[in-house]
Amino acid sequence: MAEILRVDHAGEFAAVKIYEAQARIFDGVRGKEAITADMVEMKAGEAVHKARFDALLNEHGVRPTAMLPLWSLAATGLGAATALMGEKAAHACTEAVESVIEEHYADQIAELADREPELAAELTKFREEELEHHDHAVAHGSREAPAYRLLSAVIKAGCRVAIKVSERV
């Protein structure tokens, strides 16, 4: 349980940082109002998830990952870099991150279904919301980003490493 809560909290924390950085880059730039609004809206959804994991960490007496300061820098950097590459790269970032997260949630849901059905139900709801972000990104041109395959592969690999590290540290 501690690993699940710690890693999920870290993921939602990082998602907030990514969207926050992307919104900051796009904010105030003529013609970028729609993507700024998208990033602000997605950040708000991730903040709700993070707040729930904050509460669950406290409720279960689980400490967050010690890696939060590094994840903050990495997520902020990823968000800023992909936004600077353009809208499609920002959406490619969302697609890549959300594809890893939804798979991760699916595995956790299967693991928790019998022993923690209430948490499994919450994760199911969160997974559906992550899939909405994923699908929104695809619909808005994520796969047309510069060097899409490479960008997506690097982001997915980084997410998988962060998951493994956050489970333990």
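The values are calculated or read from the model by the stated rules, or taken from the named source; none is laboratory data. Computed from a prediction, not measured in an experiment: that's the story for all the values here. Because the Cβ atoms are built from the backbone with ideal geometry, glycine has one as well, and the counts that use them run over all protein chains shown. The area values use the complete protein model at the heavy-atom level, side chains included, leaving out ligands, DNA and RNA. Shrake-Rupley method; radii C 1.70, N 1.55, O 1.52, S 1.80 Å.
Could you give every pair whose Cβ atoms fall below 8 Å, whose first residue belongs to the range 3-19 and is open to solvent by 20 Å² or more (accessible area, probe 1.4 Å), and whose second residue is among the basic types (Lys, Arg) and not in a helix (DSSP H, G or I), counting only separations of at least 6 or pairs across chains?
Hits for this filter: 6/63.
Those residues that are within 14 Å of residue 20 (Cβ to Cβ) and in contact (Cβ under 8 Å) with a residue 24 or more places away in the chain, I need them from the range 55-92; list them, please.
Matches in the range 55-92: 71, 72, 74, 75, 76, 77, 78, 79, 80, 82, 83, 90.
Select from the range 59-87 the residues that are in contact with a His (Cβ under 8 Å, 6 or more places away or on another chain) and open to solvent by 60 Å² or more (accessible area, probe 1.4 Å) and list them in ascending order. Outline the logic, then answer.
Step one: of the range 59-87, the residues in contact with a His (Cβ under 8 Å, 6 or more places away or on another chain) are 64-65, 87.
Answer for the range 59-87, where residues must be in contact with a His (Cβ under 8 Å, 6 or more places away or on another chain) and open to solvent by 60 Å² or more (accessible area, probe 1.4 Å): just 87.
Against the definition (closer than 22 Å to residue 149 by Cα, polar (S, T, N, Q) and at pLDDT 95 or above), how does residue 36 come out, yes or no? Lay out the reasoning, then the answer.
On the way: closer than 22 Å to residue 149 by Cα: no; polar (S, T, N, Q): yes; at pLDDT 95 or above: yes.
Here the answer is no, as residue 36 does not meet what is asked.
From the list 109, 101, exactly one residue is part of a helix (DSSP H, G or I), surrounded by fewer than 20 Cβ atoms within 10 Å (Cβ to Cβ) and touching a helix residue (DSSP H, G or I) at 6+ places or on another chain (Cβ under 9 Å). Which is it?
Numbers: 101 fails: surrounded by fewer than 20 Cβ atoms within 10 Å (Cβ to Cβ).
Exactly one of 109, 101 is part of a helix (DSSP H, G or I), surrounded by fewer than 20 Cβ atoms within 10 Å (Cβ to Cβ) and touching a helix residue (DSSP H, G or I) at 6+ places or on another chain (Cβ under 9 Å), namely 109.
For the structure I just gave you, tell me whether residue 77 is modelled with pLDDT under 95 and in contact with a helix residue (DSSP H, G or I) (Cβ under 8 Å, 6 or more places away or on another chain). I'd like the intermediate steps shown before the answer.
Numbers: modelled with pLDDT under 95: no; in contact with a helix residue (DSSP H, G or I) (Cβ under 8 Å, 6 or more places away or on another chain): yes.
It is false that residue 77 is modelled with pLDDT under 95 and in contact with a helix residue (DSSP H, G or I) (Cβ under 8 Å, 6 or more places away or on another chain).
Where residues in the range 7-29 are over 14 Å from the mean Cα position of the chain (by Cα) and either assigned to a helix (DSSP H, G or I) or modelled with pLDDT under 95 (or both), which of them is nearest to residue 50 (Cα to Cα)?
The selected residue is 23.
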